[in-house]
């Protein structure tokens, strides 16, 4: 059993790997002000970015779904790792050697399963690359050369060769310390009839499939010989690492350009991705043995930031099957805020064949000559009908109207309604007006629910945002509800944000504030936790870590993270801190004044004499409170 990683090593890993560098491997981050960054949350679907990262604090928090934590928490959540696996993964990236409390660290034995599987894939990829240079792999090299790929191209994409024998890779990886069970679990080997392990890929050209961070998690293998009875392409089977519905080939190479240019080009195969990248279309990606689906969309939306100016371009062969595939893409368009376009290759050629036949410039022209998806879909639908007859024209319109009604943008929807009239050959002004009305009516019905929610993109069904900011979905455990329209709650929140983010600015005054000065129960709990770790006067580089670890439960810990990441409501916290300290104290004083007045009223109603001790005490406290309140209003923070 793996020993516990030493605390100082865990701290070293946290300090060595900046959280923004880790998060940006998965989604595009933009400036959010106040030193924070924002992006689309990888843990739930959303249209507007509510996921924020604070590099200076080493924390992230989503104001939409409530997920939050440090770098390790992010890696654990996004890649479904245990704590140990997350530490080991980041330690490997940072070049940190970990030490274990129980029995020391034995390399290769005290690592989580995922880390072991990733290492096995990394070793396998290197093995396959080396084999491509051997005599047996000449058939593979000829295959690549025939498609316009030289040795440099093969090296850039990590293309390799799997020897035709039964257990070449298995024997190699056994020598690296991997067990047969690990190799079978990784999908690198199959269990033989005799109980041992044999290679899954044999006598084939190999493409490494990497996740968005660049780690090899699977392989795609292309048949080379006629006597190979297997499928043309054979991919890694579903494993703890590899889920084909959640993988995009080439995403590791394309992600930065996708984020920079706001465009992703979706092609159909490994060689198409290679051809596009070599032709200068470096945003090309492909699915791995499955159709483009919802999980793929989530990956792209996080990179594109769901910006209306961004674009997703699908390339398909010009044959009937390619057109059907293009129309299937239309069904997913509503899940993008980005514009979706179709680039249909001429003569049934794929991008690889097009590059080979006409050169790099032809691939660029293919993408530049793309057609908006809606126009392509309407043309494809209308072309099925005989437009020389009234019956055909009516049938074409009936089939196409639902497509137009599904367009999210109303202005664009009206323009396509007019275009449909022209396509169907019924182009009178009266028909255009009638068509617009018909399309609008169907769009309203869809939105209203005849309409059903299935007709709406998932991100459209999100919590409403009120004047106080994002409201949390009901399924997120947040403890007692806070009313941010309450002046008291708003200013208490600001003070706690300052205490967590800029403790020196509110020290030592903050430590004298009692829990009862925070009227929001969750805020009072955070105040208590801060006190338990020594208060803001004891704040150091590990202050936030200690506060989060001292939280009694996940609800309080989530609140601490949220407050530590959310920007304060002022550009100059150093000038703002004193004002907030005074406002919280004044509100507490005013509440106590109201309580003393209530006590006086009760004593008077009970007939207690004016000179009774309790009445005198109440009057004395009231006078002191009023004097203190006056000093706070006149002198500000100097009166604290």
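Taking region 175-187, which residues are buried (at least 22 other Cβ atoms within 10 Å of the Cβ) and part of a loop (DSSP other than H, G, I, E, B)? Let's see the steps before the verdict.
Going through region 175-187, the residues buried (at least 22 other Cβ atoms within 10 Å of the Cβ) turn out to be 178, 183, 186-187.
Residues satisfying the conditions are 178, 186, 187.
Only one entry of 54, 48 meets the criterion of being touching a helix residue (DSSP H, G or I) at 6+ places or on another chain (Cβ under 9 Å) and crowded, with 22+ Cβ neighbours inside 10 Å, and that entry is 54.
Would you say residue 457 is at pLDDT below 85, touching a strand residue (DSSP E or B) at 6+ places or on another chain (Cβ under 9 Å) and surrounded by 15 or more Cβ atoms within 10 Å (Cβ to Cβ)? Spell out the reasoning first.
Numbers: at pLDDT below 85: yes; touching a strand residue (DSSP E or B) at 6+ places or on another chain (Cβ under 9 Å): no; surrounded by 15 or more Cβ atoms within 10 Å (Cβ to Cβ): yes.
It is false that residue 457 is at pLDDT below 85, touching a strand residue (DSSP E or B) at 6+ places or on another chain (Cβ under 9 Å) and surrounded by 15 or more Cβ atoms within 10 Å (Cβ to Cβ).
Residue 387 falls short on exactly one of the conditions (1) modelled with pLDDT of 85 or more; (2) assigned to a helix (DSSP H, G or I), and that condition is (2).
The helices (runs of 4 or more DSSP H) found wholly in region 246-322 and carrying at least 2 residues that are at pLDDT 90 or above and either in the same structural domain as residue 360 (by TED's automatic domain parsing) or surrounded by fewer than 20 Cβ atoms within 10 Å (Cβ to Cβ) (or both) occupy 251-261, 270-278.
For region 77-96, a tally of residues being under 18 Å from residue 558 (Cβ atoms), buried (at least 19 other Cβ atoms within 10 Å of the Cβ) and in contact with a helix residue (DSSP H, G or I) (Cβ under 7 Å, 6 or more places away or on another chain) returns 0. Consider region 235-245 and keep the residues that are closer than 14 Å to residue 219 by Cα and outside any loop (DSSP other than H, G, I, E, B). The one that is farthest from the chain's Cα centre (by Cα) is 235.
Here's the yes/no breakdown for (1) in contact with a strand residue (DSSP E or B) (Cβ under 9 Å, 6 or more places away or on another chain); (2) closer than 14 Å to residue 561 by Cβ:
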| position | (1), (2) |
| --- | --- |
| 39 | yes, no |
| 43 | yes, yes |
| 57 | yes, yes |
| 66 | no, yes |
| 80 | no, no |
| 87 | yes, no |
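Scanning region 188-199 for residues that are outside any strand (DSSP E or B) and either out of contact with any helix residue (DSSP H, G or I) (no Cβ under 9 Å at 6 or more places or on another chain) or surrounded by fewer than 22 Cβ atoms within 10 Å (Cβ to Cβ) (or both) turns up 192, 193, 194, 195, 196.
Quick grid of which residues meet (1) crowded, with 21+ Cβ neighbours inside 10 Å; (2) within 19 Å of residue 582 (Cβ to Cβ); (3) in contact (Cβ under 8 Å) with a residue 24 or more places away in the chain:
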residue: 492; (1), (2), (3): yes, yes, yes
residue: 499; (1), (2), (3): yes, yes, yes
residue: 507; (1), (2), (3): no, yes, yes
residue: 513; (1), (2), (3): yes, yes, yes
residue: 526; (1), (2), (3): yes, no, yes
residue: 531; (1), (2), (3): no, no, no
residue: 541; (1), (2), (3): no, no, no
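Looking at region 156-172 only, could you name the residues that are assigned to a helix (DSSP H, G or I) and either closer than 19 Å to residue 220 by Cβ or modelled with pLDDT under 95 (or both)? Before you say what the answer is, go through the steps one by one.
Taking region 156-172 and keeping what is assigned to a helix (DSSP H, G or I), we get 156-157, 168-172.
The answer is 156, 157, 168, 169.
All conditions but one from (1) at pLDDT 95 or above; (2) more than 20 Å from residue 502 (Cβ to Cβ) apply to residue 516; the one that does not is (1). Taken over region 115-142, residues that are surrounded by fewer than 18 Cβ atoms within 10 Å (Cβ to Cβ) and closer than 16 Å to residue 221 by Cβ amount to 3.
The values are calculated or read from the model by the stated rules, or taken from the named source; none is laboratory data. Given the structure is predicted, the values throughout are model-derived calculations rather than measurements. In this analysis, Cβ positions are derived from the backbone assuming ideal geometry, glycine residues included, and neighbour counts consider all displayed protein chains.
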